[in-house]
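Below you'll find the structure, written out as structure tokens, and then a few comments.
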Amino acid sequence: MNHGDFLKDYRIKDEPYYRPQAEEIALFTAAYERRLPVMIKGPTGCGKSRFVEYMAWRLGRPLLTVACNEDMTAADLVGRWLLDSDGTRWQDGPLTQAARHGAICYLDEIVEARQDSTVVIHPLTDHRRQLPLDKKGELIQAHPDFQLVISYNPGYQSLVKDLKPSTKQRFTAFRFDYPSADVEAEILARETGIDPGLALRLIGLAESARRLKGHGLDEGISTRLLVYAASLMADGMAAKHACRMALVDPLTDDDDIRATLEHAIDALF
Ligand code: ADP
């Protein structure tokens, strides 16, 4: 079996729609040419994962994505021994599969994982490009096409939940943010079929909410939520219902903030 076949389920067959915001495609390509590890920072729902999918497609690499969480252990990344009827058998985790077979491994929201689980990535990020499987007694030399990509949201950063400097300093980094209004309108129109004029009104609402970040809202309205609202409207839902359901209620339980957003919705639609 060749490596390409092994990860065929992880190949991205159709070009994902990705609207660039700046030079990120060329910059990521340059980082990949050198197989440098990449960190993508930015608020939730601003296009980080879509960008990684697009780059994996463009570079023709399979993509293994791991949504990190606090219960994740190093074994969830590297693999573990399993018991079955024939005895024990080793099962590679996604990081090991990617390193062995030459995929891009994307660790989404890496700060959610405990630091002791993430140190396993260190030897893969320097010139050694190795992954020790201590429990199996194997040292993997990463495939030449392997690349490690991580994302995180600096907004959630706290002293307890931050990447160790020793981890951060192993990555090149991209800073992402919500797209500018005209680009975001283009994305909404393309993703949902909504009229661009209506898309701009939704974005007006998002901009008011984004100004409330740090003043009652932890996070602004993401592009992802705008896509939800726009798709409900494109299917004929009244703007007020769509906005409430996709943009207000997911974001806040605070009565004052709700009232402010409701007021903005009334003014816009
Ligand atoms: P993140 O990984 O930053 O949380 P995603 O990449 O999942 O966010 O983006 C959320 C949604 O927003 C995507 O599913 C897509 O519909 C839309 N989106 C955001 N930015 C872009 C972009 N630049 N091009 C195309 N779609 C985008």
At 222 nm, what helix-only mean residue ellipticity would the chain give, in deg cm²/dmol to the nearest 500, using -39500 (n - 2.57) for each DSSP H run of four or more?
-> -11000 deg cm²/dmol
Averaging sequence separations of C-alpha pairs under 8 Å and six or more residues apart, then dividing by the length of the chain, give the relative contact order as a whole percent.
-> 20 percent
Can you give the convex hull volume per residue for the Cα atoms of the range 1-101, as a whole number of Å³?
-> 139 Å³
Pairwise label distance in nanometres, Leu200 with Asp254, each label 7 Å out on the Cα-Cβ vector | 3.0 nm
Report the charge-dipole magnitude of the chain in Debye, nearest 20, computed about the Cα centre from +1 at each Lys and Arg Cβ and -1 at each Asp and Glu Cβ.
-> 960 debye
Distance violations [Cα-Cα > 24 Å] among Lys8/Lys168; Lys161/Lys213; Lys8/Lys164; Lys41/Lys164 = Lys8/Lys168; Lys8/Lys164
Fraction in percent of alpha-carbon pairs per bin - 10 Å, the chain = 6, 26, 29, 22, 12, 4, 0
With x for Gly and Pro, the residue-by-residue ³J(HN,Hα) of the range 127-134, computed from phi through the Karplus equation 6.51 cos²θ - 1.76 cosθ + 1.60 at θ = phi - 60° and given in whole Hz, is 4, 5, 6, 10, 9, x, 9, 4
Stokes-Einstein at 37 °C, 0.692 mPa s, Kirkwood radius from Cα pairs: D for the range 140-237 in µm² s⁻¹?
-> 203 µm²/s
Express the C-alpha Rg of the range 53-196 as a ratio against the empirical globular expectation 2.2 N^0.38 Å, rounded to two decimals.
-> 1.23
Put in order of increasing Cβ neighbours within 10 Å, starting from the fewest, Lys48, Lys164, Lys136 give Lys164, Lys136, Lys48
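Which of Arg19, Arg170, Arg211 has the fewest other C-beta atoms within 10 Å, and how do the rest follow up to the most?
Arg211, Arg19, Arg170
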When the charge dipole of the chain is computed with +1 at the Cβ of Lys and Arg and -1 at the Cβ of Asp and Glu, the Cα pointing farthest to the positive end, of Tyr228, Asn153, Ala199, is that of Asn153
Counting alpha carbon pairs within less than 8 Å and at least 6 residues apart, what relative contact order, in whole percent, applies to the range 1-112?
-> 30 percent
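If you rank Val149, Val183 by fewest surrounding Cβ atoms within 10 Å, what's the result? Walk me through the intermediate numbers first.
Values: Val149 27, Val183 16.
If I rank by nearby Cβ atoms, fewest first, I get Val183, Val149.
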May I ask you to evaluate 6.51 cos²θ - 1.76 cosθ + 1.60, the Karplus curve with θ = phi - 60°, for each residue of the range 252-266 and list the ³J(HN,Hα) values in order in whole Hz, giving x for glycine and proline?
-> 8, 10, 7, 4, 5, 5, 4, 4, 4, 5, 4, 4, 4, 5, 4
To the nearest 0.05, the calculated FRET efficiency linking Ala181 and Arg80 through their beta-carbon distance, R0 being 45 Å, is 0.40
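Every number here is computed from the coordinates shown, using simple stated rules; none is lab data. Just so you know, these numbers come straight off a predicted model, no measurement behind them. Note that each Cβ is placed from the backbone with ideal geometry, even for glycine, and that neighbours are counted across all protein chains shown.
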